[in-house]
Each structure stands twice: as structure tokens, then as C-alpha cells.
Amino acid sequence: MENKCLIKVNNIVINKSTINAIVGPNNCGKTTILKDIYSKLKKEETLYIDNDNYDLLKDISDSIKTIIVDDLCVNSTQKVMNSVLKTLKKLNKERKITIICTTLNLECIVDFTYIYVVDQNEVVLQGTPMEVLVEDAKLSRLGLDIPLMYDLSVKLSDYNILDKVELDMDRMVETIWK
């Protein structure tokens, strides 16, 4: 059986062929942890992107097995954010590239495989996006904004308009109109 674990650092386990986010407020240690992860990976198989240098995603060599993105979508327009997320998901799906990102924008992580919430260099919360987002009080205390779709979906569920929380807008609209 193939080992699924790519790397383990600071109680963060990154499995191969997954999309992962390390989230938290500014200056909480996200980039420090990300650089620690990067230092332990094979450089010839890893692409490191920071400062919104997303042009590097256009021509990725076949040797790349991991993409690391620091501050994903932090200073990006919605259009750029959607394009980058679409590209990362496509690379993950078609080429099984492992994606590891840091961000403070919870809007962009709803389709990710696994999320680690960090504060002062420590993991304080982890799980799938839905498992993390249900801890909205903790996230708010850390200064993280809850995604609009999640907040709206919870409110619609409270009024029995939705049976369950839905993060995809198209599915939510379709469910409401049934």
C-alpha cells in the first residue's frame, strides 16, 4: 500500500494529492510553518509562489509534485482569485499535484481537502472545510471572516429553507427552487 503522507510538520500532516490550507490572522505563524514545510520537500519537485506571482502556474514542469502558495488570494480581485483557484483545482485533479496554501481568506478554502487554523505558530483547529467552519465563534475570535455562503446557508437552515448547510451557491439555489 502506498504511503499517503507527503510530510508532517508542527502537527500538520499533508497527504499526497490533496489541497490544504493553513489559515489564521496576520502574523500568526502561517508563513513560518509554510517555509518549514518547504524546507523539508525536494526543491526540484516543489513550486513556491508568493507575492501574488500566479504567472508561475501557467507552465508547470512535469517534475512538480507539490505547489506551495503563500498568502493565497490575499491581495487579489475576485476574478483573479477564481482563476487561481480553478487552476489549482485542475492541477490537483488532473496531475495529482499536492497543493499547500496559506491564507486569511476563508472564502477561497471551501473546496479544499483539509484546513489547519493556526494561532501563534500552533494549530488550534483542523478538519475539512465544513468541520472548521462550524467553529465560527472560534474563527471570529481569531479575526477571520466567515464566508458569506456559509453564513447565509446556516441562516437558511435555521429557517428550515435548507436541510443542510451548503457552500456551493449553484447547489443552494437549486435546492431552494425545488
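The values are calculated or read from the model by the stated rules, or taken from the named source; none is laboratory data. Worth saying up front: this structure is predicted, and the values here are computed from it rather than measured. FYI the Cβ positions are ideal-geometry reconstructions off the backbone, even for glycines, and counts take in every protein chain you see. Accessible surface areas use protein heavy atoms only, side chains included; no ligands, DNA or RNA. Shrake-Rupley method; radii C 1.70, N 1.55, O 1.52, S 1.80 Å.
Figures for the structure shown
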read-out	value
Alpha carbon convex hull of segment 125-166, volume per residue in cubic angstrom	62 Å³
Antiparallel bridges, percent of DSSP beta bridges restricted to segment 40-174 (to nearest 5)	40 percent
Segment 98-178: translational diffusion in µm²/s, Stokes-Einstein, Kirkwood Rh over Cα pairs, 37 °C, 0.692 mPa s	242 µm²/s
Where chymotrypsin sites (Phe, Trp or Tyr not before Pro) fall in DSSP loop in segment 72-178, at most 11 other Cβ within 10 Å	TYR159, TRP177
Cα-based shape type of segment 88-132, given that a ≥ b ≥ c are square roots of the gyration tensor eigenvalues and the cut on a/c is 1.5	prolate
Solvent-accessible ranking of MET149, MET81, largest area first, probe 1.4 Å	MET149, MET81
Global form of segment 1-91, assessed from the alpha-carbon gyration tensor, a/c cut-off 1.5	oblate
Probe 1.4 Å, all protein chains present, accessible-area order of VAL110, VAL118, VAL134, largest first	VAL134, VAL110, VAL118
For the chain: span of alpha carbons on each principal axis (Å, largest first)	52, 40, 34
Normalised alpha carbon radius of gyration of segment 49-120 [divisor 2.2 N^0.38 Å]	1.06
